[in-house]
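First the structure, in the form of structure tokens, and then the observations on it.
Please treat every number below as a calculation from the coordinates, not as lab data. From a predicted model like this one, the values you see are computed outputs, not experimental measurements. Glycine also receives a Cβ, built like all others from the backbone with ideal geometry; neighbour counts cover every protein chain displayed.
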Amino acid sequence: MPQQGKRNIDQKLLLALACGASVESAARQVGVSESTVYRRLAEDEFKQRLLNLRADMVQRTAGTLTAAGTEAVKALLGLLQPATPHATRLGAARAVLELGVKIREAAELEARIAALEQQLVPSA
């Protein structure tokens with residue numbers, strides 16, 4: 001198989017697997033045998049590329065969710081208005097409180113980890 005064709009197949013295979021396709025499904029999507037997929041998954045370089053692609057996808061997803069966070073908070077706060085049915089208001093209030101605690105805990109933990117990492121860095 002020409003090198004360019006292999007790269008193209010690898011890219012398609014990596015994308016299919018990174019998006020959660022099973023070996024069987026990824027093989028079918030790309031037009032290769034399952035044994036080819038298993039063989040590629042046994043290669044360290046291919047596995048590393050797959051891990052990197054998945055990590056990049058998670059980072060992009062996290063960024064998108066972070067960007068949408070402000071609108072989500074506005075929507076929840078809008079549900080707290082007196083004209084909103086009581087059950088909906090109660091659910092929104094619980095969500096605001098629970099998420100507020102989780103976000104605060106995450107921010108505090110991140111700050112503590114950063115402080116510990118800073119202590120581990122030797123002074124120049």
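Enumerate the lysines that LYS47 could reach by cross-link, defined here as Cα to Cα under 28 Å, with residues fewer than 8 away along the same chain left out.
Cα-Cα hits under 28 Å: LYS6, LYS12.
Can you pull the Kirkwood radius for the range 79-124, inverse mean 1/r over Cα pairs, to one decimal in Å?
13.2 Å
Packing-wise, with mean Cβ within 10 Å as the measure, how do 96-104, 59-67 rank, highest first?
Ranking, from highest mean packing down: 96-104, 59-67.
Pop a pseudo-label 7 angstrom from the Cα along the beta-carbon direction at both MET57 and ARG28 and give the gap in nm to one decimal.
Using points 7 Å along Cα→Cβ, the separation is 1.8 nm.
Report Rg (one decimal) and Dmax (nearest whole number) for the chain, counting Cα atoms only, units Å.
Rg and Dmax of the chain, Cα atoms, are 22.8, 67 Å.
Mind ranking 109-119, 13-23, 71-81 by how tightly packed they are, going by the mean number of other C-beta atoms within 10 angstrom, highest first?
Those peptides, ordered most packed to least, come out 13-23, 71-81, 109-119.
Show that you can apply the helix-only estimate: for the chain, add -39,500 (n - 2.57) for every DSSP H stretch of four or more residues, divide by all residues, and state [θ] at 222 nm to the nearest 500.
Calculated from helices alone, the mean residue ellipticity at 222 nm is -28500 deg cm²/dmol.
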